[in-house]
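What follows draws every value from the coordinates through simple rules; no lab data is involved. Everything numeric here is computed off the predicted structure, so don't read it as measured data. Cβ coordinates were reconstructed from backbone atoms using ideal geometry, including for glycine residues, and neighbour counts include every protein chain displayed.
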């Protein structure tokens, strides 16, 4: 019987080693699957014509408690949601090209493959702020692809069926049939079609987390992250092109209608993230003793100068940050309900 394994990034890998139990379930041994790092168990099994399809999950959700499936705005201000071009202008105002911001993306990537490289920075907070700046840009891009291209522009760059090509060179035709803004919006739609905002946020967070050398959590850098970085790199270039060419643009009534709906959803969520549990799941990922210890360490960090020059594994504090945030958000929702 053929077994088809599908990784968390929907990469199909054929394999034939599995154990089938009397109750009909199938367990896959991760040590026998060298091409997939961080596999724990099957999420879903489907049988079709003697072929077994197995969807695999990762060992750890580093942004634990957070719902990994939905895409939404978390870090933008209300006025930025209503005009995401503000974020592009602010992000690129000091740059004459996208290269500087792309370099910051590759700084985070370097952390994940060069152990303890974070020590060369004055503080891990510098790296976390770089992460936040990139996510803010990706959130703005996600909003822009909801309102752009508008109908008139869409008609101009839709590719006729007889000109559709796959697996061809990425070079554009020399006849310059496509202007830069047209290319930019084509790329924007393409990237957000293959990478959701949720996956961009989580993947970049996982790369940062790995770079800050966690010790409390068994976390490994995943091979597919190389492709993710390439997509993020292309997205930065695309948003730079759009921001450069859309200066002084005027949002239409339809644009404002879509963006106001996003703002309403942002306000109605009432928490920073969507969560996959409520206040009763506080200790699902961390023991009470570990959380109390992390709070004491965090208090010590606030009262100590150059803490990270003498102490390692800042990823551990980043890990517990999501427990702290979940506790605050969950209690707030509970308080609102009583």
(request) Using only Cα atoms, figure out Rg for the stretch 271-338 and give it as a multiple of 2.2 N^0.38 Å. (result) 1.27
(request) Could you rank the peptides 75-81, 291-297 by their average count of other C-beta atoms within 10 Å per residue, with the highest value first? (result) 75-81, 291-297
(request) Highest first, please rank the peptides 267-274, 134-141, 187-194, 210-217 by the mean number of other Cβ atoms sitting within 10 Å of their residues. (result) 134-141, 210-217, 187-194, 267-274
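Would you work out if the stretch 207-328 is rounded, prolate or oblate? Take a ≥ b ≥ c from the square roots of the eigenvalues of the alpha-carbon gyration tensor; rounded if a/c is under 1.5, else prolate when a/b is larger than b/c, oblate otherwise.
Numbers: a/c = 2.22, a/b = 1.57, b/c = 1.42.
It is prolate, given that a/c is not under 1.5 and a/b is the larger ratio.
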(request) Give me the distance in nm between label points sitting 7 Å out from Cα along the Cα-to-Cβ direction at residue 129 and residue 304, one decimal. (result) 2.2 nm
(message) Ranking request for peptides 320-332, 88-100: highest mean number of other beta-carbon atoms within 10 Å first, then the rest in descending order.
(response) 320-332, 88-100
